[in-house]
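Written below as structure tokens is the structure these notes are about.
The values are calculated or read from the model by the stated rules, or taken from the named source; none is laboratory data. What you see is a predicted model; the values in this text were computed from it and never measured. Cβ atoms come from the backbone with ideal geometry, glycine included; neighbour counts cover every protein chain shown.
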């Protein structure tokens with residue numbers, strides 16, 4: 001079996017650049033034997049910057065390059081010349097990427113727009129040269145400051161798909177078939193559970209040139225919130241969806257029970273998912289008659305529902321109407337969805353997926369909070 005190119009979880013190591021040291025130097029020129037201190041400041045270290053790129057679809061490019069280092073700042077020199085600043089390292093990520101601290105699970109940032117830049121790790125400031133320390137009482141300072149140390153940490157990046165409608169259902173419920181009918185997407189379709197092993201996106205065309213994005217995620221089973229089946233790996237993708245479309249086949253023994261089970265799994269994963277709009281699609285309706293449909297409708301949850309058949313096309317247009325009407329509220333703003341605080345919560349690192357290619361090398365994160373720029377003195381004298 002070939003490895004999928006869809007990667008939505010990576011763990012990488014980042015290190016910013018350390019600041020350059022200040023210079024200890026005294027001016028020397030003909031007929032000017034005591035020109036005074038003229039050591040320059042050190043350059044600032046480079047930053048680690050994350051930049052959103054709408055042309056990136058997955059985190060595949062970060063899977064095999066796991067270490068990113070910014071350039072260190074250069075030391076100062078004579079004639080009060082400041083050192084060169086270190087070059088920042090820019091990491092391109094797809095829109096919808098959420099970043100967490102790998103050790104604590106703390107939420108760090110969310111990249112949701114194209115061109116958005118976030119400084120993940122700030123480079124160290126350059127140290128001051130001895131020219132900065134001259135005074136009336138200290139005219140020949142023979143010391144300078146060292147640059148600030150760099151910052152380093154392991155971070156976890158999770159990609160959460162940006163879509164208007166997310167398909168939720170048990171395996172083999174007809175979600176992929178529905179997506180292939182209403183859009184040009186071509187997900188893998190077969191008559192066995194867990195045919196879909198990675199999320200698929202499709203653009204659904206509506207009337208008058210209108211459209212919305214639909215996301216198909218792998219099937220959810222009872223206990224998925226605790227890691228069963230594909231577990232938590234793909235539940236994260238429905239966090240950004242404005243509307244959840246529950247797909248349950250008409251030949252299920254108890255549609256209401258299956259719906260309640262799915263809702264319960266979402267609650268266990270994140271209770272705030274209940275605030276999202278919901279629509280129920282009864283798939284495979286071509287195998288039941290109208291009498292059976294009326295009987296089924298009597299025991300459905302109190303949300304909009306539609307009987308559909310992806311094979312015959314029955315109810316597909318009505319489903320599009322219901323989805324659009326549910327999405328097309330006056331207070332609905334897709335840009336607000338991108339900044340939804342729903343995803344801005346800390347990560348439970350005890351339940352994160354294990355990446356077999358992960359480098360478990362431990363490193364000590366530098367704590368710059370105790371670093372006092374004025375008290376760190378480098379007494380190494382240079383060229384006098």
Checklist line | Whichever residue in the range 161-198 is farther than 17 Å from residue 279 by Cβ and crowded, with 23+ Cβ neighbours inside 10 Å and, among such residues, is modelled with the lowest pLDDT | finding: 196
Next item on the list: Name, by its number, the condition in (1) buried (at least 16 other Cβ atoms within 10 Å of the Cβ); (2) touching a residue at least 40 places away in the same chain (Cβ under 8 Å); (3) in a loop (DSSP other than H, G, I, E, B) that does not hold for residue 252.
Entry: (2)
Next item on the list: Return the residue satisfying two criteria in turn: it lies in the range 90-110 and is without any contact (Cβ under 8 Å) to a residue 60 or more places away in the chain and out of contact with any helix residue (DSSP H, G or I) (no Cβ under 9 Å at 6 or more places or on another chain), and of such residues it is farthest from residue 29 (Cα to Cα).
Entry: 99
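Quick check on residue 366: is it outside the structural domain of residue 146 (by TED's automatic domain parsing), more than 20 Å from residue 162 (Cα to Cα), modelled with pLDDT under 85 and surrounded by 14 or more Cβ atoms within 10 Å (Cβ to Cβ)? Give the steps one after another, and end with the answer.
Working: outside the structural domain of residue 146 (by TED's automatic domain parsing): yes; more than 20 Å from residue 162 (Cα to Cα): yes; modelled with pLDDT under 85: yes; surrounded by 14 or more Cβ atoms within 10 Å (Cβ to Cβ): yes.
Judged against the criteria, residue 366 is a match.
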Next item on the list: Among what's in the range 114-154 and is under 14 Å from the mean Cα position of the chain (by Cα) and farther than 18 Å from residue 46 by Cα, pick the residue that is surrounded by the fewest Cβ atoms within 10 Å (Cβ to Cβ).
Entry: 114
